[in-house]
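First up is the structure itself, then whatever we jot down about it.
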Amino acid sequence: MANATGVGRDAVHQILRENRLKPHRAGTFSRSSDPNFAAKGIDVVGLYMNPPQNAVVLCVDEKTQVQALDRTQPMLPMRPDQIERHTHNDKRNGTVQLYAALAVHAGQVIPRIEDRHRSREFIAFMNQLLRIYPEGDIHVILDNVITHRSEKVHTWHAKPKKQRVLLHFNPTYSS
């Protein structure tokens with residue numbers, strides 16, 4: 001900035017500091033282009049604030065490509081006058097996909113680990129949730145990942161026993 005303006009470096013630093021400006025720091029933001037942003041937002045917030053009586057509300061998400069790591073040598077346990085020790089390097093065992101459902105008002109997390117991240121694995125997780133909650137409606141809050149909206153998921157959801165699962169999508173770019 002000093003070179004571009006012809007002002008001394010100290011003067012630039014003082015001006016930035018006095019105006020609490022930090023040009024070396026940058027952030028990003030996005031604005032949702034979802035035409036149903038308000039309706040979806042009200043729906044999701046409503047489920048959190050005022051859940052339907054006798055229904056389960058689950059917030060479902062995935063953490064994809066989690067590194068499955070292991071140590072190259074076993075850990076050496078702590079002994080008198082010696083700290084616990086382990087190697088600094090890892091053995092890579094590929095990646096896994098972690099699916100999780102947070103039972104919002106119970107504070108319970110239901111996990112599932114899969115090798116892949118496709119509609120098939122998402123449906124398997126939804127079937128697991130149906131077994132855990134065998135009765136009543138299950139409201140599932142989801143983001144807009146394609147695996148949640150695929151043709152396979154629509155076909156699965158169209159089956160009579162699956163329709164007690166009510167899918168609620170966050171507005172686009174609002175996960």
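Read-outs: derived from the displayed coordinates by stated rules, not from any lab. Quick caveat, the model's predicted, so the values are computed rather than measured.
Helix 37-49 axis versus longest C-alpha principal axis of the chain: approximately 70°, rounded to the nearest ten.
Bridges between two residues of segment 34-169, per DSSP, are antiparallel at a rate of about 70%.
Annotation: lysines with alpha-carbon distance below 30 angstrom to Lys152 (same-chain offsets under eight excluded): Lys40, Lys63, Lys161, Lys162.
Go through (1) 1.56; (2) 1.10; (3) 1.05 and flag the label whose value is the computed Cα Rg over 2.2 N^0.38 Å for this structure. This structure yields the entry labelled (1).
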